[in-house]
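S.K.: Structure in structure tokens, see below.
The values are calculated or read from the model by the stated rules, or taken from the named source; none is laboratory data. These numbers were taken from a predicted model, which means no experiment stands behind them. FYI the Cβ positions are ideal-geometry reconstructions off the backbone, even for glycines, and counts take in every protein chain you see.
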Amino acid sequence: MTKARSTAFAVALTALLGLAVMECGRDTAHAAQDVEVHAFVNDSCIIADEPFYVPQSAGSTGENAKFLPIIAAVVGQLASLFIHHEADVAAGKIKARAARKDTRYAMVRQMNLYRADLLPAPTLRLNANLGCMTIVAGSLEPESTDCRAAYLPKTVTPETLKLSQDQWRTSRTDDSVENQLRRANVCVKDKVRAVYEARFEFSADGTAYRLKDAGYHIESLLTTQQKRAFRAVLYTLKISDPSSTDQEEVLSVAWVNIGTVSAGAHSPGATSHSAPWLRVPPLTPEARRSYEERTKTHQEVAGEIEALKRALQRNQRILASLDQRIAASSSDIAEGLKQERTRIAVQYQTQSAELDASSAEYQDLPHEPLELMPVTIEVAITESESEKKSQLALADFMGAHSDIVSSPVGTATTGLLSRAVNLADESPPSGSDSLASDLARARARYFDALTDAQTAPGGASEQQRRELAAAKDEYNAARRSLGLDQI
């Protein structure tokens, strides 16, 4: 058995993942040469989502013209993201760890999992618009190579243009995977060994995700040169909390199990789901404190703005209700209602002025996005001689970690994952998530009470002052639970 050799390659991961650096190993008992594995994560799939190109005829401004900016936007976006990260490659190298004999790894550099956008208000989200992961096994041209000009687009034939889009055909002469990869400036030397794509799917509330097979093109297996050999193939995406030791904390492991394949196998992707939902790794307590401290002023001003908007909506409803009651009441009762309406109208005008001032104050604050929670990402392709070994490999990758929130009945991996649960039995939020939710609720109550007290005609009443004091105490208690300064 020869010793594994590691080589660093530039790989691109947009928004959530950034450009990565791969490292791979070899097993000379199975393969005649090293297999380079490159992982790319973009908002759309490079192969599966390749758009049609519809040339605009002379003088045309009709239906076919609208397809021109579509392909330009897709290609331009992918290309700019790939180029943007090339300068960071040298600093992102990670030494390869011990590799399984049946697995090829793509190690990626440390990046920040979360992003805080400050417009129009502070909002936490994953640090990318994760749409699709593309894994390319094969040698790439040097990083400085630009092959986009050599890409032949999927040009629709004129005779099929009038048909529905699912019946369109292309007239191009090169439908190879290598040509399709050039659209994203992924420049392959000779032929690719294999390409796999998987879509990221997120739950409606953004707290769970899974990977779905979006297709594969396997020209040759990675662990053997035998033409008639079969292998059970799965690929994994592991997100870990970086550590100064080798004992990194695994935050999440997603996978796609495509079953048994052989050289020459192609697939447009799976139509059903075989992988369970996984919890999106939440902000760590340290990252949560960093977010709250760095956006404290933004959160306070935004809290005032939202509270004022809620107060204005309430007073609009009250004014509309008073107008109806005044119209239907006797003169004596109507006079008293008119006085109340005047009081509410004055408060409404005060709140409207406060809203304008707070909105202007927020616009004057810095709005550069923040990045939070550094993680490391590892992508791996495993080719096992049997389905059982493939399942055991998955269990090995996951180790003691499990972030599954639901699992389809009867999947091959269910028996390996003893902590799998149904959606109805989903575990409650983690302590950090629960504390963050408590903070958001307490903040909203505090600023509602503050708005009522500050905009009350004639000054705040005793009851409003008591409610404000109680809301402030509750807000400070929530801040203390997260280690934040008091207001």
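S.K.: Against the condition buried (at least 16 other Cβ atoms within 10 Å of the Cβ) and not charged (D, E, K, R), how does Leu152 come out, does it pass?
M.R.: yes
S.K.: Quick one: Asn476 ticks every box in (1) free of Cβ contacts under 8 Å to residues at least 60 places away in the same chain; (2) over 32 Å from the mean Cα position of the chain (by Cα) bar one, so which box is it?
M.R.: Only one criterion is unmet by Asn476, namely (2).
S.K.: A further question on this structure: Kindly check whether there is at least one residue in region 168-191 that is at positive phi and of a type in the set (D, E, K, R).
M.R.: Scanning region 168-191, I find at least one residue that is at positive phi and of a type in the set (D, E, K, R), so the answer is yes.
S.K.: Criterion first (charged (D, E, K, R), surrounded by fewer than 16 Cβ atoms within 10 Å (Cβ to Cβ) and in contact with a helix residue (DSSP H, G or I) (Cβ under 7 Å, 6 or more places away or on another chain)) does Arg228 satisfy it?
M.R.: no
S.K.: Looking only at region 265-291, which residues are in the same structural domain as Glu50 (by TED's automatic domain parsing) and either without any contact (Cβ under 8 Å) to a residue 60 or more places away in the chain or acidic (Asp, Glu) (or both)?
M.R.: Ala265, His266, Ser267, Ala270, Thr271, Ser272, listed by residue number.
S.K.: Which pairs turn up if I take residues in region 301-319 that are of a type in the set (Gly, Ala, Ser) and look for partners that are in a helix (DSSP H, G or I) with beta carbon separation below 6 Å, at least 6 apart in sequence or on another chain?
M.R.: Going by the 6 Å Cβ cut-off, the qualifying pairs are Gly303/Arg443; Gly303/Phe447; Ala307/Phe447; Ala307/Asp448; Ala307/Thr451; Ala311/Gln351; Ala311/Thr451.
S.K.: Still on this structure, please answer the following. Within region 238-257, is there a residue that is modelled with pLDDT under 95, over 27 Å from Arg115 (Cα atoms) and part of a strand (DSSP E or B)?
M.R.: Yes, region 238-257 contains a residue that is modelled with pLDDT under 95, over 27 Å from Arg115 (Cα atoms) and part of a strand (DSSP E or B).
S.K.: Report yes if Ala311 is surrounded by 14 or more Cβ atoms within 10 Å (Cβ to Cβ), of a type in the set (A, V, I, L, M, F, W, C) and either closer than 30 Å to Arg115 by Cβ or touching a helix residue (DSSP H, G or I) at 6+ places or on another chain (Cβ under 6 Å) (or both), otherwise no.
M.R.: yes
S.K.: If you don't mind, there's one more thing I want to ask. Give the residue, chosen from Ala275, Ala287, Ala380, that is part of a loop (DSSP other than H, G, I, E, B), within 23 Å of the chain's Cα centre (by Cα) and of a type in the set (Gly, Ala, Ser). Can you show your working first?
M.R.: On the way: Ala287 fails: part of a loop (DSSP other than H, G, I, E, B); Ala380 fails: part of a loop (DSSP other than H, G, I, E, B).
Just a single option satisfies the conditions, and that option is Ala275.
S.K.: Is it the case that some residue within region 325-346 is among the β-branched types (Val, Ile, Thr), assigned to a helix (DSSP H, G or I) and within 21 Å of Ala444 (Cα to Cα)? It would help to see each step written out before you state the result.
M.R.: Step one: list which residues in region 325-346 are among the β-branched types (Val, Ile, Thr), which gives 326, 333, 342, 344, 346.
This time we only want the ones that are assigned to a helix (DSSP H, G or I), so: 326, 333, 342, 344, 346.
This time we only want the ones that are within 21 Å of Ala444 (Cα to Cα), so: none.
No; the residues of region 325-346 include none that is among the β-branched types (Val, Ile, Thr), assigned to a helix (DSSP H, G or I) and within 21 Å of Ala444 (Cα to Cα).
S.K.: Going by what's in this entry, would Lys162 be described as in contact with a helix residue (DSSP H, G or I) (Cβ under 8 Å, 6 or more places away or on another chain), among the charged types (D, E, K, R) and either within 19 Å of Tyr216 (Cβ to Cβ) or modelled with pLDDT under 90 (or both)?
M.R.: no
S.K.: With respect to Leu126, determine if the residue is touching a residue at least 12 places away in the same chain (Cβ under 8 Å), surrounded by 14 or more Cβ atoms within 10 Å (Cβ to Cβ) and out of contact with any strand residue (DSSP E or B) (no Cβ under 7 Å at 6 or more places or on another chain).
M.R.: no
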